[in-house]
Amino acid sequence: MSDKKEQEWFIAAELPVIFSDLLARFEEFGPLLAPTDPAQSLLSPKSGDIPSETIPLSSSLRDDHVKGHIKMKGTLITKTELSIEINNTPVPIKTVASIKEEEHNPWRLCQLGHAANYMFYVKQKCEDIAKGKVTDISLAKRALDFILDQIKRCKLQLVLPRQDVASTFNRNYCVFSPELPAGVLVNFHIKDIKLVLTISCLKNPQDLHVKDKYSLPKNAYCDRTIMLNVHWMTDIFDKLTQLQNEIQLVYQKLSVFNQAIHHKCRSSDGAVRDPVTAVREAVDDCC
């Protein structure tokens, strides 16, 4: 059998099976990243697939106290009941940050929406390979490069913070009911696979109109940061890492296979060996 036909056999017979298995495992956790609002993501799962978690909160720092609970559903914060008491300001602040679930006006965590979209593209490319749409090793490597890049981008959304202060300021006046006092800024974002709550007290609300919309004003009275564990988010990150490692192993196998096919494998006495045996042994050694 020629080298070219060996390549065709591997791509046509082996890769679809491998990626059908990977796709089945991906389905186990892919819907966890999907939001309730399809407009925020390319994924549109059934409502029963979307995880919901209520996170209790109690934090004290000197004379400042924040307590209550936060309810997450997919990429949305659908309900909050936070009692905020901050005394380390010229005028003590005591207020409630409340998002009412029945009003259907949630706080959208854009980072999770972006992560869901990256996983949509991973799923799409895995389906192409499983259906046999990738017909040669060059296309297969390109597809795997794309998948690994999208998984990396997805994981970064769960690790790197992104605080859009300007839009947060606007959301403070349309999401919370009743409205927060002037100069009090509450924000939610994702960092290090955790939900982060920040509370800032500003001298002047106009301070938010700055060139860098991702930075809080330097003359804020105080800035409190509280990091909260979200169990399903940690589970997602672990499974993303597992998927990433499995794809990298497939990529490594393809590289070994390609090398064995395009260079005649010879035994120690210089005789040309059967390419099928050479490839299988090389792949086994790779594992």
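Annotation for segment 112-130: at least one member residue is in contact (Cβ under 8 Å) with a residue 60 or more places away in the chain and farther than 24 Å from GLU246 by Cα.
With respect to THR225, determine if the residue is at pLDDT below 90, surrounded by fewer than 19 Cβ atoms within 10 Å (Cβ to Cβ) and under 22 Å from LEU57 (Cβ atoms).
Values: at pLDDT below 90: yes; surrounded by fewer than 19 Cβ atoms within 10 Å (Cβ to Cβ): yes; under 22 Å from LEU57 (Cβ atoms): yes.
Yes; evaluated as a whole, the condition is true for this residue.
Can you confirm whether THR75 is farther than 29 Å from LEU160 by Cβ and β-branched (Val, Ile, Thr)?
Against the criterion (farther than 29 Å from LEU160 by Cβ and β-branched (Val, Ile, Thr)), THR75 does not qualify.
Evaluating LEU43 against the criteria (1) surrounded by fewer than 20 Cβ atoms within 10 Å (Cβ to Cβ); (2) modelled with pLDDT under 85 leaves one unmet condition, (1). With respect to the conditions (1) touching a Leu at 6+ places or on another chain (Cβ under 7 Å); (2) modelled with pLDDT of 65 or more; (3) not polar (S, T, N, Q), LYS73 lacks only one, and its number is (1).
Of all the residues that make up segment 48-77, how many are polar (S, T, N, Q) and without any contact (Cβ under 8 Å) to a residue 40 or more places away in the chain?
4
Evaluating ILE18 against the criteria (1) crowded, with 17+ Cβ neighbours inside 10 Å; (2) under 26 Å from the mean Cα position of the chain (by Cα); (3) at pLDDT below 75 leaves one unmet condition, (3).
Can you tell me which residue within segment 97-126, out of those that are of a type in the set (Phe, Trp, Tyr) and open to solvent by less than 70 Å² (accessible area, probe 1.4 Å), is nearest to the chain's Cα centre (by Cα)?
TYR118
Taken over segment 56-72, the criterion of being farther than 13 Å from ILE99 by Cα and either crowded, with 18+ Cβ neighbours inside 10 Å or of a type outside the set (A, V, I, L, M, F, W, C) (or both) is satisfied by PRO56, SER58, SER59, SER60, ARG62, ASP63, ASP64, HIS65, VAL66, LYS67.
Screening segment 79-94 for residues that are open to solvent by less than 30 Å² (accessible area, probe 1.4 Å) and modelled with pLDDT of 90 or more and picking the one that is farthest from MET119 (Cα to Cα) gives ILE84.
Screening VAL159 with (1) touching an Asp or Glu at 6+ places or on another chain (Cβ under 9 Å); (2) open to solvent by less than 10 Å² (accessible area, probe 1.4 Å); (3) at pLDDT 90 or above gives one miss only, at (2).
The values are calculated or read from the model by the stated rules, or taken from the named source; none is laboratory data. Bear in mind the structure is a predicted one, so any value in this text is a computation, not a measurement. Note that each Cβ is placed from the backbone with ideal geometry, even for glycine, and that neighbours are counted across all protein chains shown. Heavy atoms of the whole protein, side chains included, go into the accessibility calculation; ligands, DNA and RNA do not. Shrake-Rupley method; radii C 1.70, N 1.55, O 1.52, S 1.80 Å.
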